[in-house]
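Take a look at the structure below.
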Amino acid sequence: MLEVGAKAPGFTLPDQNGKQVSLSDYLGKKVVLYFYPRDNTPGCTRQACAFAQNYSGFRDLEAVVIGISKDSVASHLKFAQKFDLPFVLLSDPGLEAIQAYDVWKEKKLYGKVSMGVVRSTYVINEQGVIEKAMPNVKPDTNAAEILAYLTGGE
């Protein structure tokens, strides 16, 4: 994980509609940047739906929610449409942002070792500096924890 207080690495990636989105587009706003392994898997779906359910709270705080995985633009579009996700999903098949944010790690599952995205969330402040870093987040509680943090409840 990157350290709190570090400058957030910049990136430009396509969203679910194929539009290029840069982190710098959101200077002046708080950004909730969450990295997840894969569209349409049980944990990732629960996490995305939890962010969608809490989205009005993020919007009220003028915070931007961005999800990033290595899935394709087409996969993100289907995922966003299927679950009516109101926020940006960025496609990072080249692992540009995933590696820059240090969430591409060795994972062990049933004794098998592979590389993959570790479910992690960053809060980036209005100046583009990492304000909070959360590794190994739980898909069901991540959105509520971030919203509580942003409203001073943590």
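A few remarks follow.
- Accessible area of region 6-142 belonging to carbon and sulfur atoms, whole % at 1.4 Å probe: 51 percent
- For the chain, adding -39500 (n - 2.57) for each run of n ≥ 4 DSSP H residues and dividing by the number of residues yields -7500 deg cm²/dmol at 222 nm.
- Across the chain, Cα pairs under 8 Å and at least six residues apart give a relative contact order of 34 percent.
- Between region 137-151 and region 13-87, the alpha-carbon center distance in angstrom: 14 Å
- Share, in percent, of DSSP beta bridges within region 10-85 that are antiparallel, nearest 5: 35 percent
- Ordering 141-147, 58-64 by mean Cβ neighbour count within 10 Å, with the highest value first, yields 141-147, 58-64.
- On a per residue basis, the chain carries 49 Å² of accessible surface, using protein heavy atoms and a 1.4 Å probe.
- Annotation: peptides 122-134, 104-116, 17-29, 43-55, ranked by per-residue average of other Cβ atoms within 10 Å with the highest first, follow the order 43-55, 122-134, 17-29, 104-116.
- Compactness of the chain, expressed as Rg and Dmax over alpha-carbon positions, Å: 14.4, 45
- Surface listing: Ser56, Ser91 arranged by accessible area from highest to lowest gives Ser56, Ser91, probe 1.4 Å.
- Of the cross-linked pairs Lys112/Lys138; Lys107/Lys138; Lys7/Lys107; Lys78/Lys112; Lys107/Lys132; Lys29/Lys82, those separated by over 18 Å at the C-alpha level are Lys112/Lys138; Lys7/Lys107; Lys78/Lys112; Lys107/Lys132; Lys29/Lys82.
The values are calculated or read from the model by the stated rules, or taken from the named source; none is laboratory data. Fair warning: this is a prediction, and the values are worked out from it, not measured in the lab. In this analysis, Cβ positions are derived from the backbone assuming ideal geometry, glycine residues included, and neighbour counts consider all displayed protein chains. Heads up: the accessible areas ignore ligands, DNA and RNA and are worked out on the full protein's heavy atoms, side chains in. Shrake-Rupley method; radii C 1.70, N 1.55, O 1.52, S 1.80 Å.
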